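**Q** Mind looking over this structure? Questions follow.
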Amino acid sequence: MTEFFKYRSLLIKLITFCLFVCCTSIPAAEARIRRYKWEAKYEYKSPDCYKKLVITINGRSPGPTIRATQGDTVIVELTNNLLTENVAIHWHGIRQRGTPWFDGSEGVTQCPILPGDTFTYQFVVDRAGTYLYHAHYGMQRDAGLYGSLRVALPDGNDEPFSYHYDRSIILTDWYHKSSYEQATGLSSIPFVWVKEPQSLLIQGKGRFNCSLPSVGDGVCNATTSECSPYVLTVVSGKTYRLRIGSLTSLSALSFEIEGHNMTVVEADGHFVEPFVVTRLYIYSGETYSVLVTTNQDPTRNYWATSKVVSRNSNTPNGLAIFNYYPNHPKKLPPTDPPKGPIWDDVGPRLNQSLALKSHPNFIQPPPKTSDRVIILVNTQNRVNGYVRWSVNNVSYTHAHTPYLISLKENLQNSFDQTPPPDGYDTTNYNIFSVAPNVNATTSNSIYRLQFNTTVDVILQNANSMNPNTSETHPWHLHGHDFWVLGHGKGKFNKSTDPQNYNLVNPIMKNTVPVHPYGWTALRFRADNPGAWAFHCHIESHLFLGMGVVFAEGIDKLGKLPSSIYGCGDTKGLLRP
């Protein structure tokens, strides 16, 4: 009996020790679960003084910022209270490794969320950095459904730069017409272009001229606090990390803070070899972190401005106040706002793209060669009289059944099984003139990539249907980061241009611009099982077909969650 009590005493001590270790040591290193309960609904808002219907998250646009630490699980329970409209949310920059069904791309990875339904997104944020979320159904992003997603490094891990304070800013353009009106015009004969936006918003705030004669009574109120300038309050002598993201519907932008330099340190979640700019050029879908030191005269405030570039736009510049405490936040700067760069000066924009390189301590070397090269020429066409945007004269159309489900369930009749072209007639196609494009067509076919192979994509820009016009196209890849191997002017030469690829310290990104009459070369590993959209991030261009879908490793996926089913050919697949 004495032996029993002795061993029991030792056992209790051992259990107590284990409980102490389990309950005190491990949680400090364990990932957390971040839960959010969101309601998407329409509300009347006046972000630029002009009242219109805006899609809000819990009454806000921009929506709530998600803050997490690398390795955390984010769970967002989204209820669709748009009453008559479906919805889906894409987690822009999150690779969704192991959860491709929660990428949030309607028609590619899930069926849309029906009015009144609640859908739960659950995914791991596996890399620190600055990311975004936004609607990915029709042109809903244009209606205000977007926000920031910030992922911090775990405790004990340091970034290769230091700062005192951390702030997020989202830049957008803003239309007074609803996304439905815009989509109808784009889909009509005669074609009705969306034209230039009415305003530029900085963190959801802008300023429209309510005194214009075209403005109707009661729809514009210049005195509402909703459209007072966004104020970024700072303290003199400090360094601020500004996480700047663009979710414009159309516009490429420049951003600057009067009298202050900005040091670029992060791009799309990857550390950058630092370089200093006075203006940051940013394209829809991109994110940057810049460091700003408050070393100017602290007795006054300064302007922060955004401006449309790459388009001859009449949209007024976006204005915010860089407020030096203790100056009053509404105290206007004593100077005129910076006018910004010349809209068609491509040189500085190309130079910034070329300056982006991986930080020396965080280089992930790309594979030296690729297994497949896909060349995509960005074109504008007419198909059966309708204006379309396309790649290689093929304009993408959504299948009614999400590709991820079709591929997993082997629903071969759900989309065109003919593979799209890997290239175009590089010999005879003149990128500097309006092409006849007599063979342009629409298709919902996809690119099937062999799993774990290396793929090069060459994005080639060309002339639109308007003479002497080549637009800037920001391309975004879901589910992956890619190495940006190079940018160039004119037509890509597949014999000589690859010799100049940066294989030493290329930046990795998920969104990249293709400059007018130029090319951009990307390389990525097809190592993330799923179906992934790759598309121009301009709303109207994607809506009219400028995109493709990549599929890889579908056989490596387990059973898909039932919550993503319910549309197209998935009806009837789920039974009790």
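The values are calculated or read from the model by the stated rules, or taken from the named source; none is laboratory data. No experiment lies behind these values; they were computed from the predicted model shown. Methodologically, a virtual Cβ is constructed for each residue, glycine included, from the backbone with ideal geometry; neighbour enumeration extends over all protein chains shown. Heavy atoms of the whole protein, side chains included, go into the accessibility calculation; ligands, DNA and RNA do not. Shrake-Rupley method; radii C 1.70, N 1.55, O 1.52, S 1.80 Å.
**Q** Over the chain, give the accessible area per residue in Å² for a 1.4 Å probe, as an integer.
**A** Result: 42 Å² of accessible area for each residue.
**Q** Just order 341-347, 457-463 by mean Cβ neighbour count inside 10 Å, highest at the front, would you?
**A** Taking the mean over residues of other Cβ atoms within 10 Å, the ranking is 457-463, 341-347.
**Q** Please figure out what share of the DSSP beta bridges in the chain is antiparallel and state it in percent, rounded to the nearest 5.
**A** The answer is about 75 percent antiparallel.
**Q** Full-extension gain between R35 and N157, please, as 0.36 nm times their residue separation minus the C-alpha to C-alpha distance.
**A** 41.5 nm
**Q** Shifting gears a bit: Report the far tail of the P(r) of segment 463-555, meaning the percent of Cα-Cα pairs longer than 17 Å.
**A** Considering segment 463-555, 57 percent of its Cα-Cα pairs are separated by more than 17 Å.
**Q** So which of K357/K489; K45/K195; K45/K330; K238/K357; K41/K408 end up more than 24 Å apart, counting from Cα to Cα?
**A** Distance filter (> 24 Å) returns K238/K357; K41/K408.
**Q** How would you order 246-253, 293-300 from highest to lowest mean count of nearby Cβ atoms within 10 Å?
**A** Ranking the peptides 246-253, 293-300 by packing returns 246-253, 293-300.
**Q** In deg cm²/dmol and to the nearest 500, what is the mean residue ellipticity at 222 nm of the chain if only DSSP H runs of at least 4 residues count, each as -39500 (n - 2.57), divided by the residue total?
**A** -3000 deg cm²/dmol
**Q** Distance between Cα centroids, segment 386-434 to segment 227-278: provide it in whole Å.
**A** 36 Å
**Q** Each label point is 7 Å from the Cα along the Cα-to-Cβ direction; what then is the distance between the points at N466 and D297, in nm?
**A** 4.1 nm
**Q** Sorting check: for 388-400, 510-522, which peptide has the highest mean count of neighbouring beta carbons within 10 Å, and how do the rest follow?
**A** The most tightly packed comes first, giving 510-522, 388-400.
**Q** Return a whole-number percent for the relative contact order of the chain, with Cα pairs under 8 Å and 6 or more residues apart as the contact set.
**A** 14 percent
**Q** Which three extents, in whole angstrom, do the alpha-carbon atoms of segment 165-323 cover along their principal axes, largest first?
**A** Principal extents (Cα only, largest first): 54, 36, 23 Å.
**Q** Mind checking which lysines have their C-alpha under 17 Å from K339, skipping anything on the same chain fewer than 8 residues away?
**A** Answer for K339, where 17 Å is the Cα cut-off: K307, listed by chain and number.
**Q** Still on this structure: Please report, to one decimal in angstroms, the Kirkwood hydrodynamic radius of segment 106-256 built from all distinct Cα-Cα pairs.
**A** When all Cα pairs of segment 106-256 are included, the Kirkwood radius is 18.9 Å.
**Q** Tally up the carbon and sulfur contribution to the accessible surface of segment 28-113 as a whole percent, 1.4 Å probe, everything protein left in place.
**A** Percent of accessible area from carbon and sulfur atoms in segment 28-113: 45.
**Q** Test of understanding: what is the full-extension gain from D336 to T184, defined as 0.36 nm times their sequence separation minus their Cα-Cα distance?
**A** Taking D336 through T184 to full extension adds about 50.8 nm, to one decimal.
**Q** With point charges of +1 on the Cβ of Lys and Arg and -1 on the Cβ of Asp and Glu, referenced to the Cα centre of the chain, which listed residue (L404, V235, M262) lies farthest in the positive direction of the dipole?
**A** V235
**Q** Can you tell me the length gained on complete extension of the stretch Y165 to R67, counting 0.36 nm per residue apart and subtracting the Cα distance?
**A** 33.8 nm
**Q** Further, regarding this structure: Cα convex hull of the chain: mean projected area in nm², to one decimal?
**A** Averaging across all directions leaves 32.9 nm² for the Cα convex hull.
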